Structure formats: structure tokens, C-alpha cells
Amino acid sequence: SITLPESLTSIGNDAFRGCSGLTSITLPDGLTSIGESAFSNCSALTSITFPEGLTSIGKHAFNYCSLTSITLPEGLTSTGDYAFSYCLSLTSIVLPESLTNIGESAFLNCSHLTSIAFSKGLTSIGKSAFSHCSGLTSITLPEGLTSIGEYAFYGCSSLRTVINHSNLNIGKGSSADGYVAYY
């Protein structure tokens, strides 16, 4: 376990990368940013509590962790590319209303992910953001969504229902920009 001081405002790149014995962590209230690969390959990390003041999560920050559920804090506006990719135990995600952008491949290959609550403020879903999330069965796209990157839901083999509240014209096997959004 790790106890971080309340005065900590950022966690640097690669800070805890590969700490295979780390199982859970509560981040301090003053924390505003998590650097690239900060907790990457922390294979035993199953639980994390994010502080409300967090505004930035870097690329690859939590990839290859064993997180089971994530509730991202209000105030966070975007997730870094590959931020939670290959979190194979991840089953649910709650996104804050402040989140406007989900980075490229942010949740790539989170194969046990069954539930996503997209925020109303979401405007952009990056390329391959949920690619190969084979446990997803349904999604509801929010009204304000203006962009879905290519292959965003590619390989989501259990996805049967897409409720589209956005103005994007998407269909199975296509997206607004002509690339496969989901299949």
C-alpha cells in the first residue's frame, strides 16, 4: 500500500509503473494530474479512488491494471490515450458530466466491460476508444456527441443495442467519417 501526502498535486510519469504488489490506492484530495504511465502495469491494482479536483489523466496511466470499476471525478475533461487500455477485469465505468473527450484507445480491450454511463457533456470519442470491449451489450450515445473516431466500438461482438441521441448518422459497420465505428 502507499500513503500519499495531502499536499501532493501531481503524480509524475512512470511514478509507480510496474508496482505489481500495489492492490489499492486512495489519491489525495489536492491531486490535479496523473502523468503518463504513472500506474501502468500495476497488475494487482484492483481499486482506486479518484479525488474531485483531478483534471488530467495522462496517456497509458492505468493500462494493464486489474481495476474492476472506475468512477471518474467531476472536473475531469478528458482521458489520455490508452489510459485504461487492457484493464481486463474492468466491468463498469461512470464518467463525469465534465468529461468532453475520451482519448484514443482509452478503454481498448477492456473485454469484461459491460456498462458505460456516457456523460451528457461528452462531445468526442477517440479512435478505437472501446475497441474489443466484447462484454458491451448496449450503449447510449449522448445528444452533444459530435465526433466518434474510427473503430471506436470495433470488435464489440456482444453489442446489440445502440441508442443514438446524437446528431451523428451512424449505422452498423460505418460512421460519419466512413470508417467502422462499431461492428
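The values are calculated or read from the model by the stated rules, or taken from the named source; none is laboratory data. What you see is a predicted model, and the numbers here were worked out from it, not measured in a lab. Every residue, glycine as well, gets a Cβ built from its backbone with ideal geometry; the counts of neighbours run over all protein chains shown. Ligands, DNA and RNA are stripped out before the accessible areas are found, and what is left, the full protein with its side chains, is counted by its heavy atoms. Shrake-Rupley method; radii C 1.70, N 1.55, O 1.52, S 1.80 Å.
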Scope the stretch 1-27; condition on the phi > 0 side of the Ramachandran plot and β-branched (Val, Ile, Thr); matching residues: none
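Check whether at least one residue in the stretch 56-66 is touching a Ser or Thr at 6+ places or on another chain (Cβ under 8 Å), assigned to a loop (DSSP other than H, G, I, E, B) and among the β-branched types (Val, Ile, Thr), and report yes or no.
If we filter the stretch 56-66 for residues that are touching a Ser or Thr at 6+ places or on another chain (Cβ under 8 Å), which is where we start, we get 56-66.
Imposing the further condition that a residue be assigned to a loop (DSSP other than H, G, I, E, B) reduces the set to 58-66.
Keeping just the survivors that are among the β-branched types (Val, Ile, Thr) gives none.
No, the stretch 56-66 has no match at all.
Could you check the stretch 30-45 and list, in sequence order, the residues that are surrounded by fewer than 17 Cβ atoms within 10 Å (Cβ to Cβ) and either farther than 11 Å from Thr9 by Cα or modelled with pLDDT of 95 or more (or both)? Talk me through it step by step, then tell me what you get.
First pass over the stretch 30-45, keeping only residues surrounded by fewer than 17 Cβ atoms within 10 Å (Cβ to Cβ): 30, 32-33, 43-44.
Matches in the stretch 30-45: Thr32, Ser33, Ser43, Ala44.
Out of the stretch 136-154, which residues are out of contact with any strand residue (DSSP E or B) (no Cβ under 8 Å at 6 or more places or on another chain) and open to solvent by less than 20 Å² (accessible area, probe 1.4 Å)?
Here is the first cut: in the stretch 136-154, the residues out of contact with any strand residue (DSSP E or B) (no Cβ under 8 Å at 6 or more places or on another chain) are 142-144, 150-151.
Pro142 - this is the single residue of the stretch 136-154 that is out of contact with any strand residue (DSSP E or B) (no Cβ under 8 Å at 6 or more places or on another chain) and open to solvent by less than 20 Å² (accessible area, probe 1.4 Å).
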Residue, farthest from Ser78 (Cα to Cα), within the stretch 6-27, restricted to residues that are at pLDDT below 95 and either touching an Asp or Glu at 6+ places or on another chain (Cβ under 8 Å) or open to solvent by less than 40 Å² (accessible area, probe 1.4 Å) (or both): Glu6
Residue count for the stretch 13-41, restricted to those that are in contact with a strand residue (DSSP E or B) (Cβ under 9 Å, 6 or more places away or on another chain) and in a loop (DSSP other than H, G, I, E, B): 9
